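A quick write-up on the structure given underneath.
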Amino acid sequence: MRRFVAPAPEQQERCELCGAPVAEAGHRHLVDVEKRALSCACTPCALLFDRQGAAGGRFRTVPDRYLCDPTHTLDDAAWEQLQIPVSVAFFFRNAALDRLVALYPSPAGATESELDSSTWQSVLGGTPLAGLLQPDVEALLLHRTEGRYACYLVPIDVCYELVGRMRLHWQGFDGGAEARADLAAFFAHVSGRARELRGADQ
């Protein structure tokens, strides 16, 4: 009987505002600042909500810029202040709460690290990237590997993509070889997209 049963059609991914079909990969996202959620968006909707104050400011289009600051240095002591138990963390400014929020990927998803603002300032205040962050839609992404630290400004949806990838591949206490390989591939992509911070950006 199986050969007479038609396979279920694949569901077309659609814009969550107007219902228009969108490409599975490479489409834009909106942040719903009231629900703290990401929504898939077609290009026209993304352009519509890219304007300041559109829809009363509830939806904001996630930008597509990647920046790095090779001059920003961290050391193990500074990382310990963050109390992040893994080698990756990202920080974004929550406009509703008017504060910086720190999260890191874990087997349970995005986990928040609760630290006071003075700690963030002491660790991240040395990079101009912190002052360039657009609230709710961009994040500072930190990565520690073999005693080296990298700092990027990235779209917020990229950070949640990383969280999903780590949940998918994580095994055991330290994540396992598959998760580490995927993490390396992820940061190779980010590094390839990011351009160095220039004076004109500030």
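Miscellaneous remarks
- Pick from the stretch 60-87, criterion farther than 19 Å from residue 31 by Cβ and of a type in the set (D, E, K, R), ranking: least open to solvent (accessible area, probe 1.4 Å): 69
- If you go through the stretch 128-142 and pick out every residue that is surrounded by 20 or more Cβ atoms within 10 Å (Cβ to Cβ) and over 17 Å from residue 157 (Cα atoms), you end up with 2.
- Hits in the stretch 88-124 (condition: open to solvent by 40 Å² or more (accessible area, probe 1.4 Å) and assigned to a loop (DSSP other than H, G, I, E, B)): 95, 96, 97, 98, 107, 108, 114, 116
- The lone exception for residue 165 - which of (1) under 14 Å from residue 91 (Cβ atoms); (2) outside any strand (DSSP E or B) it fails: (1)
- Contact map, the stretch 102-123: first residue more than 13 Å from residue 162 (Cβ to Cβ) and β-branched (Val, Ile, Thr), second residue open to solvent by 70 Å² or more (accessible area, probe 1.4 Å) and outside any loop (DSSP other than H, G, I, E, B), Cβ cut-off under 6 Å, separation 6 or more or different chains; pairs are 119/81; 123/81.
- In the stretch 166-202, the residues that are in contact (Cβ under 8 Å) with a residue 40 or more places away in the chain and open to solvent by 40 Å² or more (accessible area, probe 1.4 Å): 167, 170, 191, 193, 195, 196, 202
The values are calculated or read from the model by the stated rules, or taken from the named source; none is laboratory data. Nothing here was measured: the structure is a model prediction, and the numbers come from that model. We place every Cβ from the backbone using ideal geometry, glycine too, and count neighbours over all the protein chains shown. In case anyone asks, the SASA skips ligands and DNA or RNA and just uses the protein heavy atoms, side chains included. Shrake-Rupley method; radii C 1.70, N 1.55, O 1.52, S 1.80 Å.
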